[in-house]
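**Student:** Got a structure here, written out as structure tokens. Questions coming.
The values are calculated or read from the model by the stated rules, or taken from the named source; none is laboratory data. Please read these numbers as outputs of a predicted model, since none were measured by experiment. Glycine gets a Cβ as well: all are built from the backbone with ideal geometry, and neighbour counts include every protein chain shown.
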Amino acid sequence: MLVTGIKSKPVYAPLRYDAGGRYHVMLGQEVGEAPLLRVLGDMSGSPEALARTRVLYVPLRAAAAGAAPAAAFGGAGVADVRIFGTTAALLEAFRDLLGRALMGTRLYVAGPESFIGLAMKIALEFNLNKDEIRAEECGTRARRVYCIHCRTTTENVRTNIVTCGGCTRSLLVRDHYSRRLAAYMGVMADAEVPGELPPIREVFA
């Protein structure tokens, strides 16, 4: 069964504009467009802040929707908007951007929890502290699951039990979350009685 109430499970607050920041980096995936546009609306009275804001975004259907988010963010007054076809490409660009970031940079992330986790993982590598990062969860609740037995990570897990793509064990998806791995822990579900599994249910829609 799932172990609930684990303190390591992230809790995300709605995004808010940090007027104390000198530079602003915004990352979004899928339905993360709306929270980012809301923050940009809060920044509308500060043209200088908008001029120092960069948006990196992956639409829900990148091939079909690439132009619409670019127009929306550009219409909000952002000077630098980059639309990506994949999350991997966005994260690579984000890593490069942080390597050149200056003091006073604030990070805003909006999208599914798995996307937030991967962005946070990179931010921590560059020693951004919690006061410099804001995140808002939206979209799918599917989880990124790390197998503690073979160290394989499985993406987009929606059920309480998942087959590991590495060792093929049946893993119970726990609520224990590792910020270092940007994933929830998966443990062998039938370790005591091989083949005896709890009912498989979709719990992370």
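**Student:** Among the residues of region 180-205, write down those that are surrounded by 13 or more Cβ atoms within 10 Å (Cβ to Cβ) and either closer than 24 Å to residue 116 by Cβ or of a type in the set (S, T, N, Q) (or both).
**Tutor:** Scanning region 180-205 gives 181, 182, 183, 184, 185, 186, 187, 203, 204.
**Student:** For region 64-80: of the residues being aliphatic (A, V, I, L, M) and in a loop (DSSP other than H, G, I, E, B), which is modelled with the lowest pLDDT?
**Tutor:** Per the stated criteria, the residue is 79.
**Student:** Tell me yes or no: at least one residue of region 96-118 is closer than 26 Å to residue 16 by Cβ and outside the structural domain of residue 36 (by TED's automatic domain parsing).
**Tutor:** Of region 96-118, the ones closer than 26 Å to residue 16 by Cβ are 97-98, 100-118.
Then keep just the ones that are outside the structural domain of residue 36 (by TED's automatic domain parsing); that gives none.
No, every residue in region 96-118 fails to be closer than 26 Å to residue 16 by Cβ and outside the structural domain of residue 36 (by TED's automatic domain parsing).
**Student:** Right, something else. Would you pick out the residues in region 164-179 that are buried (at least 17 other Cβ atoms within 10 Å of the Cβ) and free of Cβ contacts under 8 Å to residues at least 40 places away in the same chain?
**Tutor:** Of everything in region 164-179, those that are buried (at least 17 other Cβ atoms within 10 Å of the Cβ) and free of Cβ contacts under 8 Å to residues at least 40 places away in the same chain turn out to be 164, 169, 170, 171.
**Student:** Return yes when residue 91 is surrounded by 13 or more Cβ atoms within 10 Å (Cβ to Cβ), at pLDDT 95 or above and either in a strand (DSSP E or B) or of a type outside the set (S, T, N, Q) (or both) and no when it is not.
**Tutor:** Taking the combined requirement at face value, the residue satisfies it.
**Student:** Of these, 148, 116, which one is at pLDDT 90 or above, among the aliphatic types (A, V, I, L, M) and surrounded by fewer than 20 Cβ atoms within 10 Å (Cβ to Cβ)? Break it down stepwise before answering.
**Tutor:** Values: 116 fails: surrounded by fewer than 20 Cβ atoms within 10 Å (Cβ to Cβ).
148 is the lone residue from the list that is at pLDDT 90 or above, among the aliphatic types (A, V, I, L, M) and surrounded by fewer than 20 Cβ atoms within 10 Å (Cβ to Cβ).
**Student:** Need the failing condition index for residue 193 against (1) aliphatic (A, V, I, L, M); (2) assigned to a strand (DSSP E or B); (3) out of contact with any Lys or Arg (no Cβ under 7 Å at 6 or more places or on another chain), just the number.
**Tutor:** Here residue 193 clears every test but (2).
**Student:** Here is a further query. Specify the residue that is modelled with the lowest pLDDT; the eligible residues are those in region 45-63 that are in contact with a Gly (Cβ under 9 Å, 6 or more places away or on another chain) and assigned to a helix (DSSP H, G or I). Explain how you work it out, then say what you get.
**Tutor:** Initial filter on region 45-63 (in contact with a Gly (Cβ under 9 Å, 6 or more places away or on another chain)): 47, 49-53, 55-60, 62-63.
The next check asks that each one be assigned to a helix (DSSP H, G or I); those that pass are 47, 49-51, 62-63.
On the way: 47: 92, 49: 94, 50: 94, 51: 93, 62: 49, 63: 44.
It comes out as 63.
**Student:** Given the structure, is residue 39 in a loop (DSSP other than H, G, I, E, B), surrounded by 13 or more Cβ atoms within 10 Å (Cβ to Cβ) and β-branched (Val, Ile, Thr)?
**Tutor:** Judged against the criteria, residue 39 is not a match.
**Student:** Same structure, new question: Considering only residues that are under 18 Å from residue 33 (Cα atoms) and not in a strand (DSSP E or B), which ones fall in region 94-119? Explain how you work it out, then say what you get.
**Tutor:** First, pick out the residues of region 94-119 that are under 18 Å from residue 33 (Cα atoms): 94, 106-119.
Result: 94, 112, 113, 114, 115, 116, 117, 118, 119.
**Student:** Next question, about the same structure. Filter region 86-135 down to residues that are small (Gly, Ala, Ser) and touching a residue at least 60 places away in the same chain (Cβ under 8 Å) and give me whichever is nearest to residue 13 (Cα to Cα).
**Tutor:** If we take residues in region 86-135 being small (Gly, Ala, Ser) and touching a residue at least 60 places away in the same chain (Cβ under 8 Å), then 135 is nearest to residue 13 (Cα to Cα).
**Student:** Right, here's the next one. Could you tell me how many of the residues in region 153-186 are assigned to a loop (DSSP other than H, G, I, E, B) and under 19 Å from the mean Cα position of the chain (by Cα)?
**Tutor:** 5
**Student:** Restrict the check to region 7-14 and report whether at least one residue is aliphatic (A, V, I, L, M), outside any helix (DSSP H, G or I), at pLDDT 90 or above and not assigned by TED's automatic domain parsing to the domain that holds residue 162.
**Tutor:** Step one: of region 7-14, the residues aliphatic (A, V, I, L, M) are 11, 13.
Then drop every residue that is not outside any helix (DSSP H, G or I), which leaves 11, 13.
Those left that are additionally at pLDDT 90 or above: none.
Within region 7-14 (the criterion being aliphatic (A, V, I, L, M), outside any helix (DSSP H, G or I), at pLDDT 90 or above and not assigned by TED's automatic domain parsing to the domain that holds residue 162), the answer is no, since none of the residues qualifies.
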